[in-house]
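Read through the structure below, which is laid out as structure tokens, and then see the notes.
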Amino acid sequence: MATHPELVSGEELERELGALLDVERFEPSAEFRERALLKDPAIYEEAERDPEAWWAKQAGELHWFRRWDRVLDDSNPPFYRWFTGGQLNVSYNCLDRHVEAGRGGRVAFHWRGEEGEEREITYAQLLEEVQRAANALKGLGVRPGDVVGIYLPMIPEVVVAMLACARIGAPHNVVFGGFSAEAVRERMEFSEAKVLITVDGAARKGRTTPVKDRVDEVMGDLTTLQRIVVVRSKGVPCGMRAGRDVYYDEIVEAAAAVCPPEPLDAEHPLYILYTSGSTAKPKGILHTTGGYLTGVAATHRYVFDLKPESDVYWCAADVGWVTGHSYIVYGPLANGATSVMWEGAPDYPNRGVWWENIERYHVSILYCAPTAIRACVKWGAEWPNGHDLSSLRLLGTVGEPINPKAWLWYHKVIGHERCPIVDTWWQTETGAIMITPLPGITATKPGSATQPFPGVKAEVYNERGEGVRDTQGLLVLRRPWPSMLRTLYKEQERFLAGYFERFGRETYLVGDAARLDEDGYFWVIGRVDDVVNVSGHRLSTAEVESAIVAHPEVAEAAVIGQHDEDTGQAIVAFVTLQGDLEGGESEREGIRATVAERIGKFARPKRIIWADDLPKTRSGKIMRRLLRDIAEGRELGDVTTLRDPVVMDQLEQRVKELQAQET
Ligand code: PRX
């Protein structure tokens, strides 16, 4: 059924989008505003007058076993403590209290598998499964404070596992399913995880690949990891080591059905999530209980204008990234939402599957990444036009800047000009959305994440730490917020140096460049450090370099992020081979395979450029800035400090050759 046939013609659509490019602001419709949870801009002033009171009001929406004594302990910045003296349990807030209020029959997740299989999970069912899983973990010796690794695909058990950990106070360390087993091992080692919950195999675009056996290949000698729990998902046979490995279904079925939630201090660790920094070693972002849940529940409710009785919400991220933690699991469940959980990719079994899901489950709120939207633009409006999208009332984006053209396409082809778009800026570190429209209040400008959420104080600084407008500068957050990271796990010095040194201990350095316009709207431009963002996946150039040099034929490598129309940024590697080796296609494939093995397929370089030498200063430091200039085809910056300026000519030539081959 073509529900929007007038947009099928590409030319016509282009014309209409072109006309919209001139529209500077998009106001929420009167109808949307009227029904919105927040419609009065005075909310910003209320929060600004007394941020602690505002956050305390948000925390008051949760269930506390013991109310806090103090909202914010800021006596030792940046080691802020929120809701001190308070006790709560995240899984109780996400499950029990809804069931106790008579909402146990409400669907928590409409899960859909790649091949169309379906599972409908109510709050009551989820609570039962979580209690059993929590007891099963206890049975394996997991105690409050013990780290549990989770390496699972988008299946309901991943949510159960996270909530079971939260129930017993065991911080989880989820690793995105796209990471390789080696990356999992490293993260288990750094966090000293006691137990790892993984899966027999995972489905991706019609192919099932073994997971547990890959994990076994690398995990054998890690003595801190005592147990491996295996979810039988795809029926892939796998080896089980006696005394260490157990099947999830067996231990969960055997476990008692009741597991009382542990009352935990507000500052008890909820999870560690590794993300990329400027060095090869990932950073273990630590989030705690009370402040984190307050932040994600409040932002989820207000940014998505959630009406849990009637909305069907779908965050199309993977649970293994922070977006999944905050806006598939904790925010939506704390708010009693009904969500869709989709196992697969956006283009399998066909390019219309997202829109089919929206029609099938009557999704009213869709939250996804600009990369996915750009892919859909490329695939053509006929895919969404073939489905009834009239249930949608609000759209969101996250993870990278959205270019105005993709924004307008989303607005027109998906939102039918009816749905506000919330472009939400935040990070693994911030835990929750920080800069965002409030859909019933804010007039949006395509490409801008607009304004700080009530209570959040953001600014753009110049190099001297002065607030600037209308010019590019460094984004900073100038006031603590409840869901902020508390430290980097076991790396306190790195935490201080990375975020709270440049402008002092009370100003959080984001690591993004941004511009604040004359209306006070924020335009986030991208990273200023050696972090790249490929399809919303955060990677450090150093991490990729260290994977590339692990290849036996590689002598040296320098990696940069290059602007890419489809993926936001693409990874480009400049590589010097050992001795006189000549690089060709097979070496390129070898290097890509090494990166896939050490990090994951998503980190493979899009382009590999052979270099006899890399541009270095006299002290031997690689000048990535010059490599970025070459890759972007810009005038070269200052080359006078180079040890051997001639290398630049060769590299420029090689980049041109590669570009010529590609076109
Ligand atoms: O550069 C910003 C970009 O993604 C980075 C955070 O990545 P990560 O910790 O993986 O979290 C992604 C999901 C929250 C930021 O430093 N970023 C995130 N959202 C936006 C964005 N850039 C522009 N606009 C956004 N809405």
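Results, tabulated for the structure shown:
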{"quantity": "Relative contact order %, the range 516-557, counting alpha carbon pairs below 8 Å whose residues are six or more apart", "calculated": "19 percent"}
{"quantity": "Value of [θ]222 nm, deg cm²/dmol, for the chain, DSSP H segments ≥ 4, -39500 (n - 2.57) each, nearest 500", "calculated": "-8500 deg cm²/dmol"}
{"quantity": "Lysines whose Cα lies under 22 Å from that of Lys205, excluding same-chain neighbours fewer than 8 positions away", "calculated": "Lys234, Lys378, Lys601, Lys606"}
{"quantity": "Dipole axis of the range 303-457 (+1 Lys, Arg; -1 Asp, Glu on Cβ), positive-most option in Leu392, Val413, Tyr330", "calculated": "Val413"}
{"quantity": "Distance from the range 295-366 to the range 37-86 (C-alpha centre basis), Å", "calculated": "26 Å"}
{"quantity": "Ratio Rg/Rh [Cα only; Rh per Kirkwood] for the range 411-568", "calculated": "1.01"}
{"quantity": "Within the chain, percent of DSSP bridges classed antiparallel, to nearest 5", "calculated": "60 percent"}
{"quantity": "Electrostatic dipole magnitude of the chain [Cβ: Lys, Arg +1; Asp, Glu -1; Cα centre; debye, to 20]", "calculated": "1420 debye"}
{"quantity": "Cα-derived Rg over Rh, computed across the range 307-367 with Rh taken as Kirkwood radius", "calculated": "0.97"}
{"quantity": "Value of Rg to Rh for the range 553-663 (Rh from inverse mean 1/r over Cα pairs, i.e. Kirkwood)", "calculated": "0.95"}
{"quantity": "Loop-located trypsin sites (Lys or Arg not before Pro) in the range 107-211 whose Cβ has at most 10 other Cβ within 10 Å (DSSP)", "calculated": "Lys205"}
{"quantity": "Kirkwood-type radius of the range 220-264, with distances r between different C-alpha atoms, in Å", "calculated": "12.9 Å"}
{"quantity": "Cα gyration tensor shape of the range 415-484, rounded if a/c is under 1.5, else prolate or oblate by comparing a/b with b/c", "calculated": "oblate"}
{"quantity": "Prolate/oblate/rounded call for the range 308-427, Cα gyration tensor, a/c under 1.5 rounded", "calculated": "rounded"}
{"quantity": "Under 27 Å from the Cα of Lys39 - lysines, other chains or at least 8 residues apart", "calculated": "Lys57, Lys307, Lys412, Lys445, Lys457"}
{"quantity": "Cα-based shape type of the range 68-211, given that a ≥ b ≥ c are square roots of the gyration tensor eigenvalues and the cut on a/c is 1.5", "calculated": "oblate"}
{"quantity": "Per-selection Kirkwood Rh - the chain (Cα, Å, 1 d.p.)", "calculated": "25.8 Å"}
{"quantity": "Lysines with Cα under 24 Å of Lys490, excluding same-chain neighbours fewer than 8 positions away", "calculated": "Lys194, Lys281, Lys283"}
{"quantity": "Kyte-Doolittle mean at least 1.6, axial Cα span of 18 Å or more - DSSP H helices of the chain", "calculated": "156-168"}
{"quantity": "Percent breakdown of C-alpha pair distances by 10 Å bin, ordered from the shortest bin, for the range 369-456", "calculated": "17, 49, 27, 6, 0"}
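Read the figures in this text as sums done on the coordinates, not as results from a lab. Keep in mind the model is a prediction, meaning the values are calculated, not measured. Every residue, glycine among them, receives a Cβ derived from its backbone with ideal geometry; neighbour counts consider all protein chains shown.
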